[in-house]
Amino acid sequence: MIAMHGRDKEDRFAKVRARMLKWHLEGRNITDPRVLAVMAEVPREEFVPQSYQSQAYADGPLPIGRAQTISQPYIVALMTQELRVNQDYEVLEIGTGSGYQTAVLSKLVKKVYTMERFSVLSESAQAVLNKLGITNVEFYVGDGSCGWPEQRLPPLRRFDRIMITAAVPAIPEPLVEQLVDDGFIMAPVGYGGIQELVVCEKKKDKLFERRICGVRFVQLVGKYSFEE
Ligand code: SAH
């Protein structure tokens, strides 16, 4: 195989990215023009290990190290669309992983706060986001099931939206507390290999759940989630 450099490589990725948009996103139920525009813009190839770059736009998850995965592009688009964000929102993401979902969200909201259990994953995600010139993201290494550390909470002390990108047995209580009233929290919920992706609206401290679809995520390991 001939190694590709610079522009050739960029052009080739741009082509497969456009194909992904057409077949895997627009061809399904991704209709929000803002989500489609961002998915067309963020280079997923930057978030996968070198050895998987040629598969960066395949219709599935890929390994990113530490037995974790970068989510399928369709699921990233669907979760982003269903979270119903806007440019004024401060969003908490649990499970930074590769940082791909973080990057997608960062382009649609005011600020993303993202937590990851493994420092190596958080660090490499930070490096990619820096390279892409994304500056409205704050990273924290720690157990996301406990919520964003109190002493570092943003001025309003609550998040407009929370997205959990790993499977939980139930929505962790500390995260519900950090959500504004009328806010949405989204997570894959379930014990087995397959979970139900749900989005819950918080109304007067109660959650009202809407089911989206079946998904397959790695587990969130933490105090208010699964045990190691
Ligand atoms: N959104 C990511 C998907 C990451 S997979 C992407 O697009 O790449 C889920 C991530 O959650 C993994 O990186 C895993 O290490 C992390 N994780 C698991 N338990 C966690 C916890 N308690 N707190 C924070 N992150 C956790």
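Could you tell me whether region 190-209 includes any residue that is under 22 Å from residue 62 (Cα atoms), within 11 Å of the ligand (Cβ to nearest atom) and at pLDDT 95 or above?
no
I'd like to verify a number: residues in region 124-136 that are assigned to a helix (DSSP H, G or I), surrounded by 14 or more Cβ atoms within 10 Å (Cβ to Cβ) and more than 10 Å from the ligand (Cβ to nearest atom), how many?
Looking only at region 124-136, we keep the residues that are assigned to a helix (DSSP H, G or I), and these are 124-131.
So of that shortlist, the ones also surrounded by 14 or more Cβ atoms within 10 Å (Cβ to Cβ) come out as 124-126, 128-129.
Now narrow it down to the ones that are more than 10 Å from the ligand (Cβ to nearest atom): 124, 126, 128-129.
Residues that pass the stated criteria total 4.
For residue 214, indicate whether it is assigned to a loop (DSSP other than H, G, I, E, B) and more than 12 Å from the ligand (Cβ to nearest atom). Lay out the reasoning, then the answer.
Values: assigned to a loop (DSSP other than H, G, I, E, B): no; more than 12 Å from the ligand (Cβ to nearest atom): yes.
Spelling it out, it is not the case that residue 214 is assigned to a loop (DSSP other than H, G, I, E, B) and more than 12 Å from the ligand (Cβ to nearest atom).
Quick check on this structure: which one of 28, 66, 44, 84 is under 30 Å from residue 146 (Cα atoms), in contact with a helix residue (DSSP H, G or I) (Cβ under 7 Å, 6 or more places away or on another chain) and surrounded by fewer than 20 Cβ atoms within 10 Å (Cβ to Cβ)?
Being under 30 Å from residue 146 (Cα atoms), in contact with a helix residue (DSSP H, G or I) (Cβ under 7 Å, 6 or more places away or on another chain) and surrounded by fewer than 20 Cβ atoms within 10 Å (Cβ to Cβ) holds for just one of 28, 66, 44, 84, which is 66.
Is it the case that residue 113 is of a type in the set (Phe, Trp, Tyr), more than 13 Å from the chain's Cα centre (by Cα), closer than 23 Å to residue 188 by Cβ and more than 9 Å from the ligand (Cβ to nearest atom)?
It is false that residue 113 is of a type in the set (Phe, Trp, Tyr), more than 13 Å from the chain's Cα centre (by Cα), closer than 23 Å to residue 188 by Cβ and more than 9 Å from the ligand (Cβ to nearest atom).
The values are calculated or read from the model by the stated rules, or taken from the named source; none is laboratory data. Please read these numbers as outputs of a predicted model, since none were measured by experiment. Positions of Cβ are generated from backbone atoms using ideal geometry, with glycine treated the same way; all protein chains shown enter the neighbour counts.
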